[in-house]
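Structure record follows, encoded as C-alpha coordinates.
The values are calculated or read from the model by the stated rules, or taken from the named source; none is laboratory data. What you are looking at is a predicted structure, and each value in this text was computed from that prediction instead of being measured. Heads up, the Cβs are rebuilt from the backbone with ideal geometry, glycines too, and the neighbour counts pull from every protein chain shown. With ligands, DNA and RNA removed, areas are computed over all heavy atoms of the protein, side chains included. Shrake-Rupley method; radii C 1.70, N 1.55, O 1.52, S 1.80 Å.
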Amino acid sequence: TWLYLGELAFYVPLAWGLMVRFGAQGAAAAWCTRVTADALLLRWIAGRLLPEETARAPSRPWPTVTALALVLGGALLTAGPIDGTAVLVVGMVLSGALGLLAWLVALNARERATFLRAASAVVRWRTV
(Lines give C-alpha, C1' and ligand atoms only; values in the text may rest on other atoms or scores of the structure.)
Protein backbone atom coordinates (compact mmCIF):
# COMPACT_ATOMS: atom_id res chain seq x y z
CA THR A 1 0.00 0.00 0.00
CA TRP A 2 2.95 2.35 0.48
CA LEU A 3 3.51 2.23 -3.27
CA TYR A 4 0.00 3.47 -3.97
CA LEU A 5 0.24 6.20 -1.37
CA GLY A 6 3.45 7.36 -3.03
CA GLU A 7 1.78 7.30 -6.43
CA LEU A 8 -1.12 9.28 -5.02
CA ALA A 9 1.23 12.12 -4.06
CA PHE A 10 2.19 12.51 -7.74
CA TYR A 11 -1.10 11.51 -9.38
CA VAL A 12 -3.45 13.94 -7.63
CA PRO A 13 -1.56 17.14 -8.58
CA LEU A 14 -0.92 15.79 -12.09
CA ALA A 15 -4.57 14.84 -12.59
CA TRP A 16 -5.78 18.13 -11.14
CA GLY A 17 -3.55 20.21 -13.39
CA LEU A 18 -4.32 18.23 -16.53
CA MET A 19 -8.07 18.17 -15.84
CA VAL A 20 -8.18 21.93 -15.28
CA ARG A 21 -6.28 22.56 -18.50
CA PHE A 22 -7.57 19.79 -20.81
CA GLY A 23 -10.72 18.41 -19.19
CA ALA A 24 -11.55 14.75 -19.80
CA GLN A 25 -8.54 14.26 -22.08
CA GLY A 26 -6.30 15.53 -19.28
CA ALA A 27 -7.85 13.06 -16.87
CA ALA A 28 -7.21 10.26 -19.36
CA ALA A 29 -3.60 11.34 -19.88
CA ALA A 30 -3.03 11.50 -16.12
CA TRP A 31 -4.54 8.05 -15.66
CA CYS A 32 -2.40 6.58 -18.46
CA THR A 33 0.69 8.15 -16.91
CA ARG A 34 -0.20 6.71 -13.50
CA VAL A 35 -0.81 3.17 -14.72
CA THR A 36 2.37 3.23 -16.81
CA ALA A 37 4.38 4.33 -13.78
CA ASP A 38 2.57 1.69 -11.71
CA ALA A 39 3.50 -1.06 -14.17
CA LEU A 40 7.14 0.02 -14.22
CA LEU A 41 7.33 0.20 -10.43
CA LEU A 42 5.65 -3.19 -9.97
CA ARG A 43 8.03 -4.75 -12.49
CA TRP A 44 10.98 -3.27 -10.60
CA ILE A 45 9.64 -4.48 -7.24
CA ALA A 46 9.01 -7.96 -8.65
CA GLY A 47 12.59 -8.06 -9.87
CA ARG A 48 13.83 -7.17 -6.40
CA LEU A 49 11.60 -9.64 -4.55
CA LEU A 50 11.68 -12.53 -7.03
CA PRO A 51 15.02 -12.34 -8.86
CA GLU A 52 14.95 -15.98 -9.98
CA GLU A 53 11.50 -15.61 -11.55
CA THR A 54 12.22 -12.34 -13.30
CA ALA A 55 15.55 -13.67 -14.58
CA ARG A 56 13.56 -16.12 -16.74
CA ALA A 57 11.25 -13.38 -18.02
CA PRO A 58 12.37 -11.39 -21.05
CA SER A 59 14.13 -8.23 -19.99
CA ARG A 60 13.77 -5.94 -22.98
CA PRO A 61 13.24 -2.25 -22.44
CA TRP A 62 11.66 -1.48 -25.83
CA PRO A 63 8.10 -2.67 -25.01
CA THR A 64 8.05 -0.24 -22.12
CA VAL A 65 9.58 2.52 -24.22
CA THR A 66 7.06 1.88 -27.00
CA ALA A 67 4.15 1.90 -24.56
CA LEU A 68 5.37 5.17 -23.08
CA ALA A 69 5.73 6.66 -26.56
CA LEU A 70 2.14 5.62 -27.33
CA VAL A 71 0.91 7.31 -24.15
CA LEU A 72 2.84 10.49 -24.88
CA GLY A 73 1.74 10.49 -28.51
CA GLY A 74 -1.89 10.09 -27.45
CA ALA A 75 -1.46 12.98 -25.03
CA LEU A 76 -0.01 15.05 -27.87
CA LEU A 77 -3.11 14.42 -29.96
CA THR A 78 -5.33 15.79 -27.20
CA ALA A 79 -3.05 18.70 -26.21
CA GLY A 80 -4.88 21.33 -28.16
CA PRO A 81 -5.70 22.52 -31.64
CA ILE A 82 -3.60 20.53 -34.10
CA ASP A 83 -4.15 20.55 -37.85
CA GLY A 84 -5.42 17.44 -39.59
CA THR A 85 -2.09 16.53 -41.19
CA ALA A 86 -0.30 16.43 -37.84
CA VAL A 87 -3.05 14.26 -36.35
CA LEU A 88 -2.81 11.92 -39.34
CA VAL A 89 0.99 11.63 -39.10
CA VAL A 90 1.01 11.12 -35.33
CA GLY A 91 -1.83 8.60 -35.63
CA MET A 92 0.04 6.64 -38.31
CA VAL A 93 3.23 6.59 -36.25
CA LEU A 94 1.35 5.47 -33.14
CA SER A 95 -0.49 2.78 -35.08
CA GLY A 96 2.78 1.51 -36.55
CA ALA A 97 4.41 1.45 -33.11
CA LEU A 98 1.46 -0.45 -31.65
CA GLY A 99 1.54 -2.91 -34.53
CA LEU A 100 5.27 -3.46 -34.08
CA LEU A 101 4.82 -3.93 -30.35
CA ALA A 102 2.05 -6.48 -30.93
CA TRP A 103 4.11 -8.29 -33.57
CA LEU A 104 7.20 -8.59 -31.40
CA VAL A 105 5.65 -9.07 -27.96
CA ALA A 106 2.15 -10.50 -28.27
CA LEU A 107 2.73 -13.01 -31.08
CA ASN A 108 5.02 -16.00 -30.84
CA ALA A 109 7.02 -17.33 -33.81
CA ARG A 110 4.31 -19.81 -34.87
CA GLU A 111 1.59 -17.13 -34.81
CA ARG A 112 3.77 -14.74 -36.84
CA ALA A 113 4.40 -17.49 -39.44
CA THR A 114 0.66 -18.24 -39.64
CA PHE A 115 -0.11 -14.56 -40.15
CA LEU A 116 2.52 -14.23 -42.90
CA ARG A 117 1.16 -17.31 -44.72
CA ALA A 118 -2.38 -15.92 -44.56
CA ALA A 119 -1.26 -12.47 -45.72
CA SER A 120 0.70 -13.91 -48.65
CA ALA A 121 -2.34 -16.00 -49.65
CA VAL A 122 -4.50 -12.85 -49.66
CA VAL A 123 -1.93 -10.99 -51.77
CA ARG A 124 -1.76 -13.87 -54.28
CA TRP A 125 -5.56 -14.04 -54.44
CA ARG A 126 -5.85 -10.28 -55.06
CA THR A 127 -3.30 -10.34 -57.90
CA VAL A 128 -4.99 -13.18 -59.78
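The label-point distance for Leu3 and Arg117, in a model that sets each label 7 Å from Cα toward Cβ, rounds to 4.1 nm. Full extension of the chain between Asn108 and Leu50 yields a length gain of 18.4 nm, computed as 0.36 nm times the residue separation minus the alpha carbon distance.
The phi-based Karplus calculation (6.51 cos²θ - 1.76 cosθ + 1.60; θ = phi - 60°) puts the 3J(HN,Hα) values of segment 16-32 at 4, x, 6, 5, 5, 7, 10, x, 5, 5, x, 4, 5, 5, 5, 5, 4 Hz, whole numbers, x for Gly and Pro. Relative to the compact-globule estimate of 2.2 N^0.38 Å, the Cα radius of gyration of segment 7-47 comes out at 1.26. Take Met92: with every protein chain present and a 1.4 Å probe, its accessible area is about 120 Å².
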